[in-house]
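Here, each number is a calculation from the coordinates, and none is a lab measurement. Note that the structure is a prediction, hence the values are computed from the model and not measured. Please note: Cβ atoms are built from the backbone with ideal geometry, for glycine as well, and neighbour counts cover all protein chains shown.
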Amino acid sequence: MARSPSAPAPSAVAFSGGTDSALVLAAAVRALGPADVLAVTADSASLAAVELAGARRIAAELGVRHLTPETGELAEPGYAANGRQRCYFCKTTVLTTIAEVAVAHGFPALATGTNADDAVDPFRPGIRAGDELGVHTPLRTLGLSKEDVRAIARRWGLAWADKPAAPCLASRVRYGIPITTATLARIEQAESVVRAALDERGLRYRDVRVRDLGGTARIELDAAVAAEVHDDPRLLDAVRTLGFTDAAVSSFRSGALNHEPD
């Protein structure tokens with residue numbers, strides 16, 4: 001059956017698996033139906049395997065087709081050099097790949113989960129990349145903050161409404177330290193080791209980051225958890241055995257490396 005000229009066009013969503021892009025995906029399904037929505041997740045070295053698995057689950061729950069093309073941002077010198085514009089080079093590469101995949105499958109419109117808070121964050125050069133490529137940002141357009149997104153997701157009964165933020169693994173690497181596959185893999189492994197150690201102790205936690213400071217690791221945890229394990233030799237040694245020269249525990253601060261001086 002031919003589509004009515006007034007009917008909304010099929011839409012693709014650049015789907016990281018996080019709360020913001022998941023809400024955009026869920027809203028698209030509500031508006032268009034799952035057959036007219038495509039989720040596309042960049043299968044990248046900077047995306048933790050646990051996050052990709054979570055994205056697959058959410059897409060399956062929503063009943064949408066889910067594609068996971070590999071992306072080549074590590075081959076982009078501006079990304080690998082890890083300067084303060086790293087995210088711009090990353091998003092340019094990733095969103096270009098996602099848009100090409102979406103168009104090839106009949107989905108010319110592409111949306112991201114950029115929200116209104118992101119739009120005023122001074123450390124988000126990747127937003128400019130999306131704007132240059134003409135992607136849609138419905139949450140930003142509607143002025144929806146992160147808390148607005150979570151509130152809507154709760155109202156809709158979505159299980160992942162309060163899922164902690166999970167930025168890419170490259171965001172854990174101090175600016176100026178080159179981004180490599182090995183660097184990202186070590187961070188992913190270190191965070192997995194930390195979670196396993198916290199689980200073994202029966203500690204409840206929300207945010208876990210392992211920052212690569214140039215050989216040494218800073219393990220950032222929720223303040224109460226950090227106080228509990230700050231001198232735990234098993235935890236620190238487990239991280240050191242991955243090749244870090246030293247490791248220390250600190251309280252979690254979102255985007256901590258963005259606030260370091262050049």
Response to the item:
Residues whose built amide H sits under 5 Å from the amide H of residue 173, excluding neighbours closer than 5 in sequence, are 212
Worksheet item: Out of these labelled values of volume of the Cα convex hull per residue in Å³, [x] 117; [y] 130; [z] 156, which was calculated from the coordinates shown here?
Response: [y]
Worksheet item: Using θ = phi - 60° and the Karplus form 6.51 cos²θ - 1.76 cosθ + 1.60, what ³J(HN,Hα) does each residue of region 114-122 get, whole Hz, x for Gly and Pro?
Response: 4, 10, 5, 5, 4, 5, 10, 7, x
Worksheet, complete the sentence: At R0 = 25 Å the Cβ-Cβ FRET efficiency linking residue 262 and residue 119, nearest 0.05, sits at 0.55
Practice prompt. Tell me which residues come under 5 Å, amide H to amide H, from residue 247 once H is placed; ignore anything under 5 positions away on its chain.
Written response: 217
Response to the item:
Residue-normalised 222 nm signal for the chain, counting each DSSP H run of n ≥ 4 as -39,500 (n - 2.57), nearest 500 deg cm²/dmol, is -13000 deg cm²/dmol
Response to the item:
With label points set 7 Å from each Cα along the Cα-to-Cβ direction at residue 238 and residue 175, the distance between them in nm comes to 3.3 nm
Item to complete: Pairs of Cα atoms under 8 Å, at least six residues apart: use those to get the relative contact order of region 30-102, whole percent.
Response: 33 percent
Item to complete: Calculate the spin-label point distance for residue 50 paired with residue 195, positioning each point 7 Å from the Cα along the beta-carbon direction, and give it in nanometres.
Response: 0.2 nm
Worksheet item: Ranked highest first by average number of other Cβ atoms within 10 Å, how do 78-87, 201-210, 182-191, 40-49 line up?
Response: 40-49, 182-191, 78-87, 201-210
Worksheet item: Do you know the relative contact order of region 11-155, to the nearest whole percent, from alpha carbon pairs under 8 angstrom that are 6+ apart?
Response: 26 percent
Response to the item:
In region 169-259 the DSSP beta bridges are antiparallel at a rate, in percent to nearest 5, of 40 percent
Worksheet item: Relative contact order for the chain using alpha-carbon pairs under 8 Å, separation at least 6, rounded to a whole percent?
Response: 16 percent
Item to complete: For the chain, give the share of DSSP beta bridges that are antiparallel, in percent and rounded to the nearest 5; count only bridges with both residues there.
Response: 20 percent
Worksheet entry | Table column - 3J(HN,Hα) (Hz), region 92-101, Karplus curve with 6.51, -1.76, 1.60, x for Gly and Pro | 4, 5, 5, 5, 5, 4, 4, 4, 5, 5
Item to complete: List, in order, the whole-Hz ³J(HN,Hα) value for each residue of region 198-209 obtained from phi through the Karplus relation with A = 6.51, B = -1.76, C = 1.60 and θ = phi - 60°; use x for Gly and Pro.
Response: 5, 4, 4, 8, x, 8, 8, 8, 10, 9, 9, 9
Discussion item. Check which residues have an amide H placed less than 5 Å from residue 222's amide H, if you skip close sequence neighbours.
Written reply: 206, 207, 252
